[in-house]
Amino acid sequence: MGDIKKCIKLATKAIDEENFCTIIRNNVEIFEDIPEKELDNFFLEIENEAKRAGRKIDDQLDYIVDLKKIAKQLSFGKNKLVKYRKHAQQIRKLAKRLNIEIPSKVSNPNTQKVIDDYISKVISEGHVRKGPYMTLGDCVYCKLDDAIIIQRLDGEFVTFLEHSLGGVAKMWDQI
């Protein structure tokens, strides 16, 4: 774990008497709001991802930086509302695990803003990988808890998946 700490910067902030860290690599915030008490386990996950992918820790961190840059360019196509309606129940359920309440009226702009913020949270705090999605070719997968956000390589939101439901979401385990 010593190697990873040499390759990053940490920024820490206190919220309600608990410290949260942001991991920074090459001036890019690659993970945000990680509880300080979970930081060592988080580093181990990154190191395990590097080993699984056959990368050195430095290369793994660069890979994460590249994918996070794409993911943070989040945009939505013309059918944003259709996608939100389709996945509203899953989004509501998984957001609730993180103490985020999603109102029931998806057509309401305020509800859409809460969903947007939740999706941004998954992207900023979640782990990231690149792999194929259906017929789209390579896409960016961001996973936080059981939520997976899939985006095109230009940052456009494609879909929301619940990992534990299996199906296409299990692609996360293979990429």
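Assorted remarks:
- 27 Å Cα-Cα threshold exceeded, pairs from K72/K170; K86/K130; K9/K96; K69/K113: K9/K96
- If you run the Gaussian network model on the chain, springs between alpha carbon atoms under 10 Å, then out of E32, E125, E17 the most flexible one is E17.
- Ranking of R152, R55 by count of other Cβ atoms within 10 Å, fewest first: R55, R152
- Two-site FRET efficiency, Q90 against I15, from Cβ-Cβ distance with R₀ of 41 Å, rounded to 0.05: 0.90
- For the residues V65, V106, V122, a GNM of the chain with alpha-carbon springs under 10 Å puts the largest fluctuation on V106.
- Unit charges on C-beta of K, R, D, E only; dipole of the range 1-80, Debye: 540 debye
- Residues listed by number, the range 102-123, amide nitrogen under 12 Å from L81 label point at 7 Å toward C-beta: 106-110, 112
- Here's the picture: charge each Lys and Arg Cβ at +1 and each Asp and Glu Cβ at -1 in the range 41-83, and of Q73, I46, Y63 the one pushed furthest to the positive end of that dipole is Q73.
- For the range 8-131, the relative contact order is 22 percent, taking Cα pairs closer than 8 Å that sit 6 or more residues apart in sequence and dividing their mean separation by the residue count.
- Here is what passes the span test in the chain: the DSSP H helices with alpha carbon length of 20 Å or more along the helix axis and a Kyte-Doolittle mean of -1.0 or above are 39-53, 57-71, 109-125.
- Among I123, I102, I149, residue whose mean-square fluctuation peaks in a GNM of the chain (springs only between Cα atoms under 10 Å): I102
- With bins 5 Å wide beginning at 0, the percent of Cα pairs of the chain falling in each bin runs 1, 8, 17, 21, 20, 16, 11, 5, 1, 0.
- Each residue, K72 and D146, gets one label point 7 Å from its Cα in the Cβ direction; the gap between the two is 3.0 nm.
We did not get these values from a lab; they are worked out from the coordinates using the rules stated. Computed from a predicted structure; not experimentally measured. Backbone-built Cβ (ideal geometry, glycine too); neighbour counts: all protein chains shown.
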